[in-house]
Amino acid sequence: MNDPADTTTVLVVDDEQLVRAGFRLLIDSASDLTAVGEAGDGGEAVRAARRLAPDVVVMDIRMPGIDGIEATRLIVADDAAARVLIVTTFDDDEYVFAALRGGASGFLLKDTPPEQMLEAIRTVARGDALLSPSITRRLITEFGRSPERPAVRSGELDRLTDRERDVFELVAAGLSNGEIADRLHLGITTVKTHIGRLLTKLDARDRVHLVICAYENGVVAAQHER
């Protein structure tokens, strides 16, 4: 039997009872994961997160009352270390950026294969961001279509070395660590070190928020113009 301290606890949030039940069965089928609770709307999710302090919240976006975006913001405001994994049909593109800005650590499609869903929960629980290169590229494309452009924050990029700026731009373009290593002729460990420094210098909580920071600072726009 696994030590409870080694088990990742998960709160399942979805307004459809059958979906919640399916997620719980899947999560509980893994020896290292445990579904400790569920919620049918955002308000209930916030209360459950406060009560249960789960390692990961699997969060739907569209729900009655408080939706997944606001619930994510409230949960992260309560606990900056909270890990929220958004689950979406991806018809919700316009909501995803707001959810990520609200503190979500990544997102999945609802038709993600079961094993990938379980691994995604583990990834988020480890403190890593879940944002695949292909999804990053699609998000960036959607962001680029928005008529509203955030103001560039002066001085945010001045602290970066030339190599860190190179890595930052490639992260913003949706490249994986391996692709960045190949493009810049660096080792994977070196790339991870640069990303760690970027997180510190730009005060970003994970890779997802590096992409957001790149967007807000015009790095993504600059790439589209090349």
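The values are calculated or read from the model by the stated rules, or taken from the named source; none is laboratory data. All values derive from a computational prediction rather than experimental measurement. All Cβ positions, even for glycine, are placed from backbone atoms using ideal geometry, and neighbour counts span all protein chains on display. Protein only, heavy atoms only, side chains kept; ligands, DNA and RNA dropped before computing areas. Shrake-Rupley method; radii C 1.70, N 1.55, O 1.52, S 1.80 Å.
Within segment 134-153, not a single residue is modelled with pLDDT of 75 or more, surrounded by fewer than 13 Cβ atoms within 10 Å (Cβ to Cβ) and more than 25 Å from I180 (Cβ to Cβ). Within segment 159-176, the set of residues being in contact (Cβ under 8 Å) with a residue 40 or more places away in the chain, of a type outside the set (A, V, I, L, M, F, W, C) and outside any helix (DSSP H, G or I) comprises R159, G174, S176.
For the subset of segment 44-67 comprising residues that are among the small types (G, A, S) and open to solvent by 10 Å² or more (accessible area, probe 1.4 Å), which member is farthest from the chain's Cα centre (by Cα)? It would help to see each step written out before you state the result.
Taking segment 44-67 as the starting set, the residues that turn out to be among the small types (G, A, S) are 45, 48-49, 53, 65.
Those still in the list that are open to solvent by 10 Å² or more (accessible area, probe 1.4 Å) too: 49, 53, 65.
On the way: A49: 18, A53: 18, G65: 23 Å.
Among those that are among the small types (G, A, S) and open to solvent by 10 Å² or more (accessible area, probe 1.4 Å), it is G65.
If the condition is being touching a helix residue (DSSP H, G or I) at 6+ places or on another chain (Cβ under 9 Å) and open to solvent by 20 Å² or more (accessible area, probe 1.4 Å), then segment 171-188 contributes A173, S176, N177, G178, E179, R183, L184, L186, G187, I188.
Residues in segment 197-208 that are open to solvent by 30 Å² or more (accessible area, probe 1.4 Å) and in a helix (DSSP H, G or I) were compared, and the one that is nearest to E164 (Cα to Cα) is R197. With respect to D32, determine if the residue is surrounded by fewer than 17 Cβ atoms within 10 Å (Cβ to Cβ), more than 11 Å from the chain's Cα centre (by Cα) and more than 15 Å from V12 (Cα to Cα). Against the criterion (surrounded by fewer than 17 Cβ atoms within 10 Å (Cβ to Cβ), more than 11 Å from the chain's Cα centre (by Cα) and more than 15 Å from V12 (Cα to Cα)), D32 qualifies.
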